[in-house]
Amino acid sequence: MLADHAAIPVLAVTDMERARAFYEGTLGFTSAGEVPDGVVYGTSNGGFLVYPSAYAGTNKATAMSFQLSGDAFDAEVAALRAAGVEFQTFDLPGEATWTDGVLSDGTMRAAWFADPDGNVLNVETDPRSAAG
């Protein structure tokens with residue numbers, strides 16, 4: 001069944017050149033291969049596809065999340081800020097708090113940002129990690 005196969009996020013964009021500038025220039029990804037009308041970027045456990053679509057940016061929910069160790073989180077957030085990435089905040093129920101664009105909820109920390117087409121991306125401490 002499908003659980004036996006790799007799955008990858010798929011992000012729709014309106015302008016491939018602008019998307020490449022963001023994913024390669026701003027976020028530091030390297031192309032893992034060209035596909036018809038798109039590009040695959042590699043990650044430590046797979047990758048994701050960026051392709052042009054008229055439906056780009058219509059998803060308002062988190063499209064892709066990067067799970068980081070607690071030790072790597074602060075450095076990654078600082079690197080994103082240095083690259084000009086602006087973090088988003090929003091209202092949440094419960095005891096979560098925001099500090100300078102970073103959510104803290106118990107031991108979990110997270111930050112959200114968007115690509116040029118409005119695809120929402122997220123970095124967060126890996127909830128499966130004991131390091132938090």
Which far-off residues, 5 or more places away or on another chain, put their amide H under 5 Å from the one on Asp126, with H placed in the peptide plane?
Leu68, Ser69, Gly70
At 1.4 Å probe size, with every protein chain present, just tell me what the per residue accessible area of segment 44-88 comes to in Å².
59 Å²
Sequence of Leu2, Leu11, Leu68, Leu92 when ordered by accessible area, the most exposed leading, probe 1.4 angstrom:
Leu2, Leu92, Leu68, Leu11
Give me the percent of accessible area attributable to carbon and sulfur for the chain, probe 1.4 angstrom.
53 percent
Rounded if a/c is under 1.5, else prolate if a/b beats b/c, else oblate: with a ≥ b ≥ c from the C-alpha gyration tensor eigenvalues square-rooted, which is segment 1-96?
rounded
What number comes out for the charge environment of Arg18, summing +1 per Lys or Arg and -1 per Asp or Glu over other residues with Cβ under 13 Å away?
-4
Rounded to the nearest 10 Å², what accessible area does Thr89 show when all protein chains are kept and the probe is 1.4 Å?
90 Å²
Provide the three semi-axes, in whole Å and in decreasing order, of the ellipsoid equivalent to segment 44-104 as defined by the square roots of 5 times the Cα gyration tensor eigenvalues.
23, 18, 13
As a test question: what accessible area, to the nearest 10 Å², does Phe90 have when a 1.4 Å probe is rolled over all protein chains in place?
80 Å²
Using only the alpha-carbon atoms, how far is helix 70-82 inclined from the longest principal axis of the chain? Give it as 0 to 90 degrees, nearest 10.
60 degrees
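The values are calculated or read from the model by the stated rules, or taken from the named source; none is laboratory data. In this text, all values refer to a predicted model and were calculated from it rather than measured experimentally. Quick reminder, even Gly has a Cβ in these numbers, built from the backbone with ideal geometry, and neighbours come from all protein chains shown. Quick note on the areas: whole protein, heavy atoms, side chains included, nothing else; ligands and nucleic acids left out. Shrake-Rupley method; radii C 1.70, N 1.55, O 1.52, S 1.80 Å.
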